[in-house]
Each structure stands twice: as C-alpha cells, then as structure tokens.
Amino acid sequence: MIKSLATLALTLCLATSAHAGENDFVAGTLVPDYGKYAPRESARLPEGTVMKVAFDMSKAAPDGEINSDLVKVARFLNMHAGSGVALENLSAAIVVHGAASADLLTAEKLGHENPNAGIIAELVAAGATIDLCGTTSAARDIAQEDLLPGITISLSAMTSHALLQQQGYTLNPF
C-alpha cells in the first residue's frame, strides 16, 4: 500500500511538471503590460484567420483591482496576434453595463486613481473598442467626460451587441 502511494505521488509530480506553469506565459505585443498568454506553436491558426469578438462586461472589479474581464480581452488580443492572426484581421469590442461601469471612470469621478486606467489605455491603443451602455450611464449619472479616454457611450448594451453581431462579431462566452 505504501509503495503504491509513493508511486502515485511520484507519477503526479512528474505529470505536473509536464504542464505549463507561470514561466510559460509571455507578454504580448499588442497589450504588453497586461494579458500574458502561453504560446502554443502547435496551435497556429490558418493564414487569413479573422477574429472579430465581442466581450460583455457587467461585473465590477473588487476595490483597487484591475477588472479580470479587461485582462481577458488583453490576453485574447495578445494570444491571437502571437499566433499569427494579422492585425487587420483582429478586432475586440467590449460592451460594458451595470456595475462594471465604475471601472471605466476617471480618477476625478471616482475620487481616487482608477486601477483600470492603464489597461484601458493599452486596449484602446491596440484598437479595441469600449462602449458603455447608455441606459447604465443614465441610471448611474455618468457623462462622457466622466469616462477614461477612448470609451464611447452607446444607446444601450443590447444595441451595441446587436450592431456588433451584424458587423460579424461573435460573442465570447467566457
């Protein structure tokens, strides 16, 4: 019994070391300070692949933290650029509503620094679009000048998603 437990433990240790670890994750080229990913050479995408993906963001980050949904978009952009998708074929759109709207606000509106300001600036510089639901902005008294640079207010999140779908975007389910 003890010998079989030792064998099992050794097998698990060896198997674990074969998996990707934190050292296997690299910074990307599009959003260099956020969204590390694990390159997989065997998972190259076909030449001409087009990735137009919409992300829905409704949950606010815990106080003082970066919203994990924004990090997810950064990882998406970095991983696909690193996997050979041409920049002109790579688009990400973020539709924000509800409590997540607080993660888009300026320091002046928040009354303190916004930990999401850096990642939002890099996402916008990488070509991602960020739309705040107009209904949310009205309900939470958020004006355009209250938002970080590069963010727009749309008619509604429902409208943004419908228009993105008509433009060929798919909705990321994660």
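The values are calculated or read from the model by the stated rules, or taken from the named source; none is laboratory data. Quantities reported herein were computed from a predicted structural model and do not represent experimental measurements. Every residue, glycine among them, receives a Cβ derived from its backbone with ideal geometry; neighbour counts consider all protein chains shown. SASA here: full protein model, heavy atoms, side chains in, ligands and nucleic acids out. Shrake-Rupley method; radii C 1.70, N 1.55, O 1.52, S 1.80 Å.
Shown here for segment 17-111: GluC sites (Glu not before Pro) in loop regions (DSSP other than H, G, I, E, B) with at most 16 other Cβ atoms within 10 Å, namely GLU47, GLU65. What angle, in degrees between 0 and 90 and rounded to the nearest 10, separates the Cα long axis of helix 2-17 from the longest principal axis of the Cα atoms of the chain? The angle comes out near 50 degrees. Within the chain, the longest run free of trypsin sites (Lys or Arg not before Pro) that sit in a DSSP loop with at most 13 other Cβ atoms within 10 Å is 60-174. In the context of the full set of protein chains, the chain has a per residue accessible area of 58 Å² (1.4 Å probe). In the neighborhood of ASN67, defined by Cβ-to-Cβ distances under 14 Å, what is the net charge if each Lys or Arg adds +1 and each Asp or Glu adds -1? Cβ neighbours under 14 Å give a net charge of -3.
Taking amide H atoms as placed 1.01 Å from N in the peptide plane, the amide H of ILE153 lies under 5 Å from those of LEU132, each 5 or more residues away in sequence or on another chain. For the chain, the share of DSSP beta bridges that are antiparallel, to the nearest 5, is 10%. Using a 1.4 Å probe on the protein chains only, how many percent of the accessible area of the chain belongs to carbon and sulfur? Taking all protein chains in place, the chain shows 59 percent carbon and sulfur surface. By how many degrees, 0 to 90 and rounded to 10, does the Cα axis of helix 157-166 deviate from the longest principal axis of the chain? With rounding to tens, the tilt is 70 degrees.
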